[in-house]
Amino acid sequence: MSWWKGYAGESRGTVKNFPGFDPDKDAEVLYEAMDGFGKSAFLMSYRATAFYFKPVRLFSSWTIALNKWLKQFHLCYFLSGTDESAITNVLTRRSNAQRQRIAQAYKDNYGQDLIEDLKSEISGGFAMLIDALMCPPVKYDVQEIHYALTGAGTSEDILIEILASRSGDHLHQLVKTYEEEYEVTLEEEIRADTSGYFEKVLVSLLQGNRDHPHLVDEDLVHEDAQTLFDAGEKITGTNETKFITILCTRSVPHLWRVFQEYKKLGDKDLEEAIQSEMTGTLEDTILAIVKCTKCAPTYFAERLYNAMSGGGTEERTLTRIMVTRSEIDMKDIIIKFKQKYEQSLASMIESDTSGDFERTLLKLCGKDG
């Protein structure tokens, strides 16, 4: 499945709209999971106990110490911690649109910001994952791109993954939201932080001009295949501009046909040709475009595997892919992962992560329990 199919409504996600959805009920569950019930019960119980000892407290110093102990006892008993399982059970079984309604119901009913309350109760990778689940898709991508551009060094892999795999409409919204959030255009940020052909391909992708699902010109297909062959394998050196122009402006179905025709012209398919003709971030970006066009789930399966197979787990990459693909093509990513690596995605998550972070990722895999 290519990215444009997912955005066209052919969802193969593990997360869907929850039937019988009740935002007020979910908001209540989350409130109580973050000690809402404990706080109320503590106040009622402690006030009753304090009232009982009030007559004595005025005449005996030992009752002061006793009341302090009672307060601590009630605090420990009732405020025993956050129920992370309840939080995970709700948020991984609701679509992003439903989560936004829960957040509004939470504010309406309790006068508090759900995301801020969640951040105050949880931490680490689990907090990052829950924060991602609560963020609207476009805003989340905006935050990730901003992190990639303003962190310690440019995180090229984040830029490549997002810009090469998102639909044109999504990219248009992303560009608009980025400027609203940071008062600078994303194109300006990219140009300031990157250079050369890598800059050019990112700016070209940013225009979001690849969405024409049914537009295939057979004459242009043959012309484009020949142009790519002539710009790469046929000559000494590479005409990178030709690759950027074709791969960043043609529709997905059109490029499918170009890839088929390209293979007839030489001994290599386009991926092999790119690997032999290009290097560095430009190679990574052009390959990502080709892989996402051919089969986005395979591309994301590779990204997930690499995030868990090196020295240390790339929690940010795991979080971003598991959340952003959970409503689009996660079922297909799971299948491609098993085919390519002869182990399940869930089993690798179990062996490479732990705690609430692990349990939440597994639920996004469609694995309960």
HN-Hα couplings for the stretch 360-367 via Karplus (6.51, -1.76, 1.60; θ = phi - 60°), in whole Hz with x for Gly/Pro, come out as 6, 4, 5, 5, 5, 7, x, 9
HN-Hα couplings for the stretch 285-299 via Karplus (6.51, -1.76, 1.60; θ = phi - 60°), in whole Hz with x for Gly/Pro, come out as 5, 5, 5, 4, 4, 5, 5, 5, 5, 5, 6, 4, x, 5, 4
Classified through the alpha carbon gyration tensor (a ≥ b ≥ c as square roots of its eigenvalues; rounded if a/c is under 1.5, else prolate when a/b is larger than b/c, else oblate), the stretch 240-306 comes out rounded
With the 1.4 Å probe rolled over protein heavy atoms, the stretch 137-207 has an accessible area per residue in Å² of 43 Å²
Spelling it out for D113: with amide H atoms placed in the peptide plane at 1.01 Å from N, the residues 5 or more places away or on another chain with amide H under 5 Å from its amide H are none
Other residues with Cβ under 12 Å from the Cβ of V221 give, with Lys and Arg +1 and Asp and Glu -1, a net charge of -3
Given Cβ charges of +1 for Lys and Arg and -1 for Asp and Glu, the option among H222, S155, S251 whose Cα lies farthest towards the positive end of the dipole of the stretch 114-256 is H222
Here the relative contact order (percent) of the stretch 296-365, from C-alpha pairs under 8 Å and at least 6 apart, is 35 percent
With the 1.4 Å probe rolled over protein heavy atoms, the stretch 296-365 has an accessible area per residue in Å² of 37 Å²
The alpha-carbon pair-distance distribution computed for the stretch 127-253, with 10 angstrom bins and whole-percent values, is 12, 37, 31, 16, 4, 0
Expressed as a percent, the accessible surface of the stretch 135-256 that is carbon or sulfur, using a 1.4 Å probe and the full set of protein chains, is 49 percent
Any residue on another chain or 5+ positions along whose placed amide H is under 5 Å from the amide H of D35 is listed here as D83
Debye calc, one equal point scatterer per Cα of the stretch 296-365, no solvent, log10 I(q)/I(0) at q = 0.16, 0.25, 0.26 1/Å comes to -0.45, -1.20, -1.31
Computed over the stretch 137-207, the distribution of all Cα-Cα distances in 10 Å bins, rounded to whole %, is 21, 63, 16
For the stretch 329-369, shape from the Cα gyration tensor axes a ≥ b ≥ c, cut at a/c of 1.5 then a/b versus b/c, turns out oblate
For the stretch 137-207, the dipole about the Cα centre with charges only on Cβ (Lys and Arg +1, Asp and Glu -1), to the nearest 20 debye, works out at 180 debye
Residue by residue through the stretch 162-169, the couplings from Karplus 6.51 cos²θ - 1.76 cosθ + 1.60 with θ = phi - 60°, in Hz, x for Gly and Pro, are 6, 6, 7, 10, 8, 6, x, 5
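The values are calculated or read from the model by the stated rules, or taken from the named source; none is laboratory data. Small disclaimer: the values here were computed from a predicted structure and weren't measured. Because the Cβ atoms are built from the backbone with ideal geometry, glycine has one as well, and the counts that use them run over all protein chains shown. These area figures cover heavy atoms from the full protein model, side chains too; ligands, DNA and RNA do not enter into them. Shrake-Rupley method; radii C 1.70, N 1.55, O 1.52, S 1.80 Å.
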